[in-house]
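Chemist: My structure is below; once you've seen it, I'll send some questions.
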């Protein structure tokens with residue numbers, strides 16, 4: 001009988017999550033994803049996942065983080081480029097609460113730019 005080690009399970013779960021995020025991103029933002037192409041979308045999602053985890057976000061918040069990245073551009077969470085995002089990113093609440101605050105800030109930012 002074959003046995004899958006814990007490390008192998010983690011790797012497989014990570015690959016499955018990345019694949020799921022790609023599929024969901026293509027459903028939510030088909031035009032953006034088509035313009036960028038599969039390879040770039042894959043790199044973007046891998047980078048987003050690492051940065052989101054570094055900011056304390058878990059699996060439940062990853063799709064929102066990726067979506068914001070695709071909408072606002074590479075490294076949308078950079079303080080100098082998007083100061084509107086910083087209060088939510090540096091907040092002390094739960095990951096779910098901070099992501100909700102970040103999504104709301106994004107909507108208000110788009111509204112201010114006349115894009116919402």
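Taken together, the values in this text are just the output of simple stated rules run on the coordinates, not laboratory data. Bear in mind the structure is a predicted one, so any value in this text is a computation, not a measurement. Cβ atoms come from the backbone with ideal geometry, glycine included; neighbour counts cover every protein chain shown.
Chemist: Filter segment 73-86 down to the residues that are in a helix (DSSP H, G or I) and in contact with a helix residue (DSSP H, G or I) (Cβ under 7 Å, 6 or more places away or on another chain) and list them by number. Spell out how you get there, then give the answer.
Modeler: Step one: filter segment 73-86 for residues in a helix (DSSP H, G or I), giving 83-86.
Listed by number, the residues that qualify are 84, 85.
Chemist: Of the residues that make up segment 81-90, is at least one touching a residue at least 24 places away in the same chain (Cβ under 8 Å), crowded, with 17+ Cβ neighbours inside 10 Å and under 23 Å from residue 23 (Cα atoms)?
Modeler: no
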